[in-house]
1. Those residues that are out of contact with any strand residue (DSSP E or B) (no Cβ under 9 Å at 6 or more places or on another chain) and crowded, with 22+ Cβ neighbours inside 10 Å, I need them from the stretch A:139-179; list them, please.
2. Being outside any strand (DSSP E or B) and among the hydrophobic types (A, V, I, L, M, F, W, C) is the filter; apply it to the stretch A:36-48 and report the residue that is nearest to the other protein chains (Cβ to nearest Cβ).
3. If you take the residues in the stretch A:71-91 that are at the interface with another protein chain (Cβ under 7 Å from one of its Cβ atoms) and outside any loop (DSSP other than H, G, I, E, B), which one is farthest from residue A:54 (Cα to Cα)?
4. Filter the stretch A:97-118 down to the residues that are more than 30 Å from the chain's Cα centre (by Cα), on the phi < 0 side of the Ramachandran plot and not in a helix (DSSP H, G or I) and list them by number.
5. Could we say that residue B:66 is within 14 Å of chain A (Cβ to nearest Cβ) and either farther than 30 Å from residue A:66 by Cα or of a type in the set (D, E, K, R) (or both) here?
6. Could you list all residues from the stretch B:83-108 that are within 11 Å of chain A (Cβ to nearest Cβ), buried (at least 23 other Cβ atoms within 10 Å of the Cβ), touching a helix residue (DSSP H, G or I) at 6+ places or on another chain (Cβ under 6 Å) and not small (Gly, Ala, Ser)?
7. Looking at the stretch A:92-130 only, could you name the residues that are at the interface with chain B (Cβ under 9 Å from one of its Cβ atoms) and surrounded by fewer than 17 Cβ atoms within 10 Å (Cβ to Cβ)?
Amino acid sequence: MNHAIETTDLVKRYGKVTAVNEISLQVDEGEIYAFLGLNGAGKTTTIRMLLGMIKPTSGTVTVLGTQVRLGSRQPWASVGYLVETPHAYPELTVYENLEVARRLHPGTERQAISQVIERLGLSNYADRRAGLLSQGNAQRLGLAKALLHNPKLLILDEPINGLDPVGIVEIRELLLELTQQQGVTILMSSHILGEVSLLAQRIGIIHEGRLLQELNYEELKRNRHRRLVVRARDTKAARSALSAVGHPTTLAQDGSIELTDATAINCPDEIATLLVRASTPPTQLMVEEEGLEHYFLRLIGLNNGALNGEMHNGEMHNGQSV
Amino acid sequence: MDNLSNALWIELRKAARSRMPFFTAVGFLLLPLIDAFFMIILKDPELARNAGLISTKAQMIAGTADWATFLSILAQGIAVGGIFLFSLIGAWVFGREFADGTLKDLLALPTSRWTILLAKFIVTVIWFVGLTALVTVVALILGALVGLPSATSELILQGVGHVAFTTILVVAVMTPVAFFASIGRGYLLPLGVAILFVLFANVLAVAGWGGYFPWAVPALYAGAAGDPDAILEPASYWIVFLTGLAGIVGTHLWWNFADQSH
């Protein structure tokens, strides 16, 4: 598998501040890789280094097989990008802004403009001056500029910012379609773990300039803490019965019993049977999964990791801002 | 040059769509109007007496109402006003990309940054030279309308040539405005620097060092302090040329090698 993006020990310092600290990552061709981090974590600085807008203090960046250098024309013919808030020339219309983008990418056919306008749902705004667009439509125009020349690689910084729920779904489907049907590689950044988990095959968690962890969807699910929450009329007796057969328990503030050992979590039916036999039948039995938000905070050390009320029963929850 | 025609089209379209060409034209057209007004005052002593202070000022600037004086005042106006006009145009053409946040869309492209910069320089110069040409044509019409005494076509051509070379000098000394718009990431720095240029040009010209201060040379050449041949040396023109070169090279280096983190 070839790497569409590869960085080696990428460092960016501004005086004594280290914005990006030894980030090494590989993004495979055709995958969606998401950078996840808080504001100021180093996502945009890294993206600007990938695009040759900022010179790394040390380390190297290779994009589509070309080592990135400041001011170079390579390899940008095959790269579309959106960095931070999208801006356009306010006095030009949506169409004219795209015409500007087209002319800066020689070889792009004029009809590509109409196609991308339709694809991004901007048909009703094609003749509207960009300065009069709503934030959501300005975001769509920014994405249209990135997609105009059918790039092999898309580098998108917070691509769903400013979009309404319908827009978020549309863009998500568009990005998935691009990778699945056209083999486009996408590197995106976001601070919304729920959104990222629906799109990305791999997630890189970045905090204070460091890449803390890279994981895929399955690993994300596996790494999240789970617990079995049990309620019984006689809590003390229930805990004794569980301890007696080797299930360590803790008592939560709300009076429920919590079990975190894998046997209990994977076989709650056996726990129920055990409690019934001990004459303290459970009044409630529930497997709770750590929320994405909690997982992220625990990972970056902003939370002590204690399992609390932020656990969620069942599958991932969408749109949880971290 | 890769894709220069497209880069030029883009810069011209951006300029054409804005109100800046109109506003800069209106502003600069004040120059021949004021020039013609001075000539009217100089031509008619009665009006000069009634005009009070303005007539005094007019007497200080020019002695007689004739084509040579008229075109000399125009050249001086272009030398000084041109510095402000060029900085305004340059600030808009270069600084707007920073102020509007559109610069990042120009940085990772198959069209080189140098091509985009060159297109910007060309459009700025076309814009400025176009306005000075417009102002000169309007001045010639106004000169005829106010009834300046007839002059030989050779004298008028000489005066127009003087204006044209003054314009070239202004263009040369003002390329650094692109650099200041870039490092200042907007409009303020280039405009502020232009004011400083004119301020220092006046001070240094009075001190007798104007020939070595590039931003004083256009006005001195235009005759602001008397016979330019007595003040300017070949070195003065070299300094102007090198300043122009430094402005282009500095802007190019900054766009290509400085971190663009905004």
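1. A:140, A:141, A:144 - these are the residues of the stretch A:139-179 that are out of contact with any strand residue (DSSP E or B) (no Cβ under 9 Å at 6 or more places or on another chain) and crowded, with 22+ Cβ neighbours inside 10 Å.
2. A:47
3. The qualifying residue farthest from residue A:54 (Cα to Cα) is A:77.
4. Of everything in the stretch A:97-118, those that are more than 30 Å from the chain's Cα centre (by Cα), on the phi < 0 side of the Ramachandran plot and not in a helix (DSSP H, G or I) turn out to be A:106, A:108, A:109, A:110.
5. Judged against the criteria, residue B:66 is not a match.
6. Within the stretch B:83-108, just B:97 meets the criteria.
7. Once the filter is applied, which keeps residues that are at the interface with chain B (Cβ under 9 Å from one of its Cβ atoms) and surrounded by fewer than 17 Cβ atoms within 10 Å (Cβ to Cβ), the stretch A:92-130 yields A:106, A:107.
Quick grid of which residues meet (1) touching a residue at least 12 places away in the same chain (Cβ under 8 Å); (2) farther than 17 Å from residue B:10 by Cβ:
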site	(1), (2)
B:109	no, no
B:125	yes, no
B:131	yes, yes
B:143	yes, yes
B:146	yes, yes
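A short reminder: the numbers here are calculations on the coordinates, not readings from a lab. Please read all numbers here as calculations on a predicted model, not as lab measurements. Neighbour counts are summed over all protein chains in view; Cβ atoms, including those assigned to glycine, are modelled from backbone coordinates with ideal geometry.
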